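Please read the structure below before turning to the comments.
What follows is calculated from the coordinates using simple rules that are stated; it is not laboratory data. Only a predicted model underlies this, so the values are computations on that prediction, with no experimental measurement involved. When we count neighbours, we look across all protein chains shown, and the Cβ atoms used for this are built from the backbone with ideal geometry, even at glycine.
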Amino acid sequence: MATQSALMAPLVFNGEHYHIWVVKMIAFLHGQGLWQYVEESRQPPPLRQNPMLNQMRLHEEETTKAPRALSHIHAAVTDLVFTRIMAYENPKEAWDKLREEYMGSTTTRNMQVLNLRREFEMQRMQETEKVKDCVDRLMDVVNKIRLIGVELTNHRVVEKVLVSLLERFESEISSLEDSKDMTQITLTELVHALQAQEQRRLLRQKNTSEGALVTSFKGKPA
């Protein structure tokens, strides 16, 4: 079991990329059945009088979960990071200290969210940019927002992609809206549909250019 837990554990946090580490660590603690002992500082209920043997075993198992959660947090940070939480005996206190240390205060976090939301709203497709490159750039901002802990729904992201690409793909998007329920379409479906439209447009432009070149060549005197 210890070997399995070690294999499943996220990368050790060294003080950088906290937002990525914390998502992996939460998933790991959920998998171990320990997250509630970090999130809520949950404690096992007191043992009843004259407990049965099974109740005693369950209570003993519950009492080990908070220390186990703290031990996992200790094991998932470098020694330098560990010195910041070594005095805390409660996993929630250690977790909150890391969040305060590496995510910043509530005011700082709110400013980060505000700046990222502004960056999200300003995203537009560049003149020579391809659909995939534009969406990748947009999703980089989306992921930063989500890593901070702010919810951004799939529908809102799809809506923003449509707005970002509207100038370049107005007719294609109108055609897509006529054939699909845009409130249900996923981001992957939208990107694939627009990439197909993009390929058809490029093919038409290529054929037009080649046709013009042939016409020009035929018009020249022999």
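Below are the figures for this structure:
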| item | result |
| --- | --- |
| On Cα atoms only, tilt of 154-165 relative to the major axis of the chain in degrees | 30 degrees |
| Charged-residue dipole, Cβ positions (Lys, Arg, Asp, Glu), the stretch 155-198 about Cα centre, Debye nearest 20 | 200 debye |
| Those lysines that a straight Cα-Cα span of less than 27 Å connects to residue 24, excepting residues fewer than 8 apart in one chain | 65, 92, 97, 132, 144 |
| Angle in degrees between helix 106-122 and the longest Cα principal axis of the chain, rounded to the nearest 10 | 20 degrees |
| Shape parameters for the stretch 127-218, alpha-carbon atoms, Rg then Dmax in Å | 16.7, 63 |
| Nearest-20 debye value, the chain charge dipole, Cβ charges on Lys, Arg, Asp, Glu | 440 debye |
| For the stretch 118-150 versus the stretch 156-211, the gap between their alpha-carbon centres in whole angstrom | 17 Å |
| The chain - convex hull of alpha carbons, volume per residue in Å³ | 223 Å³ |
| Full-stretch length increase - residue 39, residue 71 - with 0.36 nm per residue and alpha-carbon distance subtracted | 10.0 nm |
| Percentage relative contact order, the chain, counting C-alpha pairs under 8 Å, at least six apart | 16 percent |
| Residue-span extension gain [residue 208 to residue 139] - 0.36 nm each, minus C-alpha spacing | 21.5 nm |
| Cut-off under 5 Å, modelled amide H: who pairs with residue 13 long-range | 77, 78 |
| About the Cα centre, charge dipole magnitude for the stretch 127-218 (Lys/Arg +1, Asp/Glu -1 at Cβ), debye | 300 debye |
